[in-house]
Amino acid sequence: MPAIRLLLIIVLVACNTKTVQAENMQLDVNLGWTSLDAGGNDQFKSGKALAVHYNYFLKHWLAADIGVYVTDKTPEESSQDIVGSFRTSIQSQAILLGLKPRYKFSTPYEVYGRLGLQYWHTELEVEEYFGPGIPEGKVSADDNGYGYYVSIGGGYYVTENVMAQLELRHMEQVDVFEGKSQYPFDLAIISFSFGVGYRF
Amino acid sequence: MAVAIGLAVLLAGCEIDGGDNLPRVSDQGLVMYAEANRHEAEDTAQIAAAVFNDGETVALVGGDVFEARTVTERILLKTGGSFAGSYAASLPVDNSVQDIFFDIVHLPIEAREDRWYPIDLLNIDPGPGELVGKSATVTFPPPVSITAPLPDAVYTSINDVITLAWDLANPPGDAMRVLSAIECNDGLATSSYGTEVEIGADDGSAVISMDNFIYDLTAGSSTIKFLSDAALGLLQETLNQLSAGNIDPDFLARQAGANPINSMCEIRLFLQRQLQGRFDVTFDDGTVFGSTSAEVSVLYLPAVTTN
């Protein structure tokens, strides 16, 4: 995908223009609650997700952002229609690549954002029940693709190197199952997370 | 006063009794009820169907679904009626349409089209059920035109009678029937429900007692036949079409708050001319009708009594 290649080049070039200095890197580990929206009449329950980010500060206010994002298997509320009773669940992982600008207030506070592209892998599972005497079933399918992510957060420096942080994130997976099905969808994951950042 | 409050509390908890509201279904075998009704000059026909096996409703599952079609249009009956195993939908028609064809078909993907996920990729198909392949055909009778009573005619007692009159048709229908949608308000609460009255011959007039529409919640029994099975689904679908979707989906089967006999009630009468259809594949029992209908509304305003 040209866009992700371009972003990767920008990040790498930017990294090479500055020599590594002390405390220009950061590791963030965030745990969050997710809300999934597949754009239709889906009714996903709240799920959990883990995000790990490595930041390399190119300037005092800007860092390259590389991350991994993993959700747990998030089920939908059971639904009933004339075919049967069914429930879906989604599990997703993504590799993230982007930029992280920040603004540092007078110590100990800062605000930051993230903006970039994601390469996702998503598995969708369906369980269905038809009633007595008719065999139930469970099927699943998975897909890979590209999307984007954007987030905004705030941090509080507990010590000189350790920051407690809160973050609101929106991730968009575009055209899930495009080319495999006549009914592709876009998956939006919104998460609110808390975590720890460590500067080194 | 205390008695009135007590009565109001008692009535607020009452529901229309569904125990006596079941369709008259044969205890044995496979029974199908289906009807296609065209109301006045509407450009859709309301379709309703239900199947019973040994007296129990049969839900079509796993991708089995009723299909109603004309030569040019088709629709799947995917909306459930008021009880498991009844289905209703609206099918586009025009004056050139004479026949409606019913089929039970197995369409595992189309039946799931209201779902959000890739139903063609994630499809659990248990295969066609035993009802698939059953079919029936109905023909619309001539349109109905009501000549009496006049709209908004007022009745004050359940002992009153409604003299219903309509234009004769050539050829006549096999039977006439009145479906009613009734809403009552006593100033504090409302009730809404539907009833059904079989009139019989298509001979141009019938006299129907008001107690076929209005009843006393506190009485142990009444002469009312509440709407059930395909007729209920059919009238609810008709009301939905006439109101452009702005009607309570449970209008005909909701809780009774006001006692109709003491309330002001609007009674919407839907007079139907029915023509018996035919089953193309044998069922053990059942009925299939094509019908046309017309509406007139009358009012029930109980006389005020003084002590």
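The values are calculated or read from the model by the stated rules, or taken from the named source; none is laboratory data. Here the structure is a predicted model, which is why all the values come from computation and not from measurement. Here Cβ is always computed from backbone atoms with ideal geometry, including for glycine, and neighbour counts include all displayed protein chains.
When restricted to residues that are within 20 Å of residue B:250 (Cα to Cα) and either outside any strand (DSSP E or B) or not acidic (Asp, Glu) (or both), region B:189-200 contains 7.
Do we find that residue B:201 is surrounded by fewer than 20 Cβ atoms within 10 Å (Cβ to Cβ) and at pLDDT 95 or above in this structure? Steps first, please.
Values: surrounded by fewer than 20 Cβ atoms within 10 Å (Cβ to Cβ): yes; at pLDDT 95 or above: no.
So residue B:201 does not fit the description; no.
Candidates are the residues of region B:122-142 that are surrounded by fewer than 17 Cβ atoms within 10 Å (Cβ to Cβ) and farther than 30 Å from residue B:62 by Cβ; the one that is farthest from the other protein chains (Cβ to nearest Cβ) is B:142.
Taking the conditions exactly as written (within 19 Å of residue B:132 (Cβ to Cβ), of a type in the set (Asp, Glu) and at pLDDT 80 or above), does residue B:73 satisfy them or not?
Working: within 19 Å of residue B:132 (Cβ to Cβ): no; of a type in the set (Asp, Glu): yes; at pLDDT 80 or above: yes.
No; evaluated as a whole, the condition is false for this residue.
Among the residues of region B:212-236, those identified as touching a strand residue (DSSP E or B) at 6+ places or on another chain (Cβ under 6 Å) and assigned to a loop (DSSP other than H, G, I, E, B) are B:213, B:214, B:224, B:225, B:227. Whether any residue in region A:79-90 is touching a residue at least 12 places away in the same chain (Cβ under 8 Å) and within 18 Å of the chain's Cα centre (by Cα) is what I want to check. There is at least one residue in region A:79-90 that is touching a residue at least 12 places away in the same chain (Cβ under 8 Å) and within 18 Å of the chain's Cα centre (by Cα). Summed over region A:78-91, residues that are part of a strand (DSSP E or B), of a type in the set (Gly, Ala, Ser) and touching a Phe, Trp or Tyr at 6+ places or on another chain (Cβ under 7 Å) total 2.
For residue B:119, the conditions (1) closer than 30 Å to residue B:78 by Cα; (2) in a strand (DSSP E or B); (3) in contact with a helix residue (DSSP H, G or I) (Cβ under 8 Å, 6 or more places away or on another chain) are fulfilled apart from (2). Residue by residue through region B:59-81, note down the ones that are touching a Phe, Trp or Tyr at 6+ places or on another chain (Cβ under 7 Å), more than 12 Å from residue A:82 (Cβ to Cβ) and hydrophobic (A, V, I, L, M, F, W, C). Scanning region B:59-81 gives a single hit, B:68.
Every residue in region B:187-198 that is buried (at least 19 other Cβ atoms within 10 Å of the Cβ) and in contact (Cβ under 8 Å) with a residue 60 or more places away in the chain, please. Within region B:187-198, B:191, B:192, B:193 qualify. Among the residues of region A:144-158, those identified as away from every other protein chain (no Cβ under 14 Å) and of a type outside the set (A, V, I, L, M, F, W, C) are A:144, A:146, A:147, A:148, A:149, A:151, A:153, A:154, A:155, A:156, A:157. For first residues located in region A:115-143 and more than 11 Å from chain B (Cβ to nearest Cβ), partners that are crowded, with 17+ Cβ neighbours inside 10 Å and modelled with pLDDT under 95 and lie 6+ apart or on another chain with Cβ distances below 8 Å form the pairs A:116/A:7; A:117/A:4; A:117/A:7; A:119/A:4. If the condition is being of a type in the set (D, E, K, R), in a strand (DSSP E or B) and closer than 20 Å to residue B:225 by Cβ, then region B:237-294 contributes B:266, B:268, B:273, B:285.
If you go through region A:102-114 one residue at a time, do you hit one that is among the basic types (Lys, Arg), within 18 Å of residue A:195 (Cβ to Cβ) and crowded, with 17+ Cβ neighbours inside 10 Å? Checked against the condition, which is being among the basic types (Lys, Arg), within 18 Å of residue A:195 (Cβ to Cβ) and crowded, with 17+ Cβ neighbours inside 10 Å, region A:102-114 yields at least one hit.
Scanning region A:28-77 for residues that are in a strand (DSSP E or B), surrounded by fewer than 14 Cβ atoms within 10 Å (Cβ to Cβ) and over 13 Å from the mean Cα position of the chain (by Cα) yields a single hit, A:59. Residues of region B:43-60 that are out of contact with any His (no Cβ under 9 Å at 6 or more places or on another chain) and at pLDDT 90 or above: B:43, B:44, B:47. So is residue B:95 more than 14 Å from chain A (Cβ to nearest Cβ), surrounded by fewer than 14 Cβ atoms within 10 Å (Cβ to Cβ) and more than 24 Å from the chain's Cα centre (by Cα) or not? Judged against the criteria, residue B:95 is not a match.
Looking only at region B:74-91, decide whether some residue is part of a loop (DSSP other than H, G, I, E, B) and more than 18 Å from the chain's Cα centre (by Cα).
So in region B:74-91, the residues part of a loop (DSSP other than H, G, I, E, B) come out as B:77-78, B:81-85.
If we keep only those that are more than 18 Å from the chain's Cα centre (by Cα) too, we end up with none.
Within region B:74-91, not a single residue is part of a loop (DSSP other than H, G, I, E, B) and more than 18 Å from the chain's Cα centre (by Cα).
Can you tell me which residue within region A:148-179, out of those that are surrounded by fewer than 21 Cβ atoms within 10 Å (Cβ to Cβ) and in contact with a Leu (Cβ under 7 Å, 6 or more places away or on another chain), is farthest from residue A:119 (Cα to Cα)? Out of the qualifying residues, it is A:154.
For the residues B:214, B:247, the requirement of being among the β-branched types (Val, Ile, Thr) and over 30 Å from residue B:75 (Cβ atoms) singles out B:214. Across region A:80-100, which residue is nearest to the other protein chains (Cβ to nearest Cβ) among those that are crowded, with 17+ Cβ neighbours inside 10 Å and small (Gly, Ala, Ser)? Ranking the qualifying residues of region A:80-100, first place goes to A:84. Considering only residues in region A:159-200 that are outside any strand (DSSP E or B) and closer than 19 Å to residue A:76 by Cα, the one that is farthest from the other protein chains (Cβ to nearest Cβ) turns out to be A:184. Listed by first and then second residue, the pairs linking a residue in region B:107-121 that is facing chain A (nearest Cβ under 7 Å) and farther than 15 Å from residue A:78 by Cα to a residue that is of a type in the set (D, E, K, R) and assigned to a loop (DSSP other than H, G, I, E, B), with Cβ atoms under 6 Å apart and 6 or more places separating them unless they lie on different chains, are B:121/A:180.
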